[in-house]
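Some notes on the structure that comes next.
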């Protein structure tokens, strides 16, 4: 099963004001990120403001209603097409409804416009703000970016996309419109597959990444539990709650359930129906695999299969923290990710 929600046993403080990768990433408006789209000149070479919640002074107040939850922030929308033909389902739906589709890539920390960029791809049910805490750990000169899937955060009003290759096509198209620079792609769970497909597309365009980092994910085509997303709403919700990532007060809220289920189901469908393209050439960049100790959703003995996707070398490491190890010792993880991009 794909990554869905945060692990249980967290504090009782509301997830609506917590930066970690929880179920509320689906509806969190997110920080006032910038969208590094081309056509507007290179990003300003400065560090972005500290991510929300870095201190009590910057802590975002919990929304007072579902209307507040669904309201997007005043962010800079990315420009340009999404995908090869610019006709994603989200784009068509927004044109029909009169809404303007936002871009797929957000900037969390701005470094050298022509330098190294770390691009993070979130898990099923997650949004780019899941990597908000990484901004403080990125050294000056390095840019930190996060992918924002439709149906959550500032893209809450857009229909979700349930196709990994379509997601990757949109992300790759936006990255290619940026000024020349090197990329390290980091994907967590579902995001690992989207990052892998994005790496292939960038490689095919002659702009292959410096490194691919995959976390909490089986190799392409190895997923075994492919039917969870097909369950009726009540059964599906019960399964999600049993994972321990939804607090009891939320689990019993029918209105929130109806708000969250479509996006989570779409993400799981994307993960379950993904198949790697036959005969695809392997990457030539290093691939680094991160496994959370005790992760119940990923069989560690299967992870060596990631070695087959590259000729550039494969390494694997285990970290404490289980399935959501990305929130544990963030500085150490970011340092290790950056080390994979050394030439």
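Can you give the FRET efficiency for residue 230 and residue 253, using 1/(1 + (r/R0)^6), R0 = 25 Å, r = Cβ-Cβ distance, to the nearest 0.05? Taking R0 as 25 Å, the efficiency between residue 230 and residue 253 is 0.60. By the gyration tensor of its Cα atoms, with a ≥ b ≥ c the square roots of the eigenvalues, what is the shape of region 259-343: rounded for a/c under 1.5, prolate for a/b over b/c, or oblate? It is oblate, given that a/c is not under 1.5 and a/b is not larger than b/c.
The order of the peptides 180-193, 116-129 by mean Cβ neighbours within 10 Å, most packed first, is 116-129, 180-193. Ordering 265, 177 from the fewest to the most neighbouring beta carbons within 10 Å gives 177, 265.
Going by a ≥ b ≥ c, the root eigenvalues of the Cα gyration tensor, does region 292-336 fall in the rounded group (a/c under 1.5), the prolate group (a/b larger than b/c) or the oblate group? Note, shape of region 292-336 comes out oblate. The smallest convex shape that holds all Cα atoms of region 179-243, its convex hull, gives 121 Å³ per residue.
Maximal additional length on extending the residue 114-residue 342 stretch stands at 80.5 nm, based on 0.36 nm per residue less the C-alpha distance.
Given the peptides 196-205, 211-220, 324-333, arrange them by the average over their residues of other C-beta atoms within 10 Å, most packed first. Could the numbers behind the result be given before it?
On the way: 196-205: 21.7, 211-220: 26.4, 324-333: 18.8.
Top to bottom by mean Cβ count within 10 Å: 211-220, 196-205, 324-333.
By the Kirkwood approach, averaging reciprocal distances over each pair of separate Cα atoms, region 152-273 gets a hydrodynamic radius of 16.0 Å.
Read-outs throughout are calculated quantities, based only on the coordinates presented, and are distinct from any laboratory measurement. Given the structure is predicted, the values throughout are model-derived calculations rather than measurements. In this analysis, Cβ positions are derived from the backbone assuming ideal geometry, glycine residues included, and neighbour counts consider all displayed protein chains.
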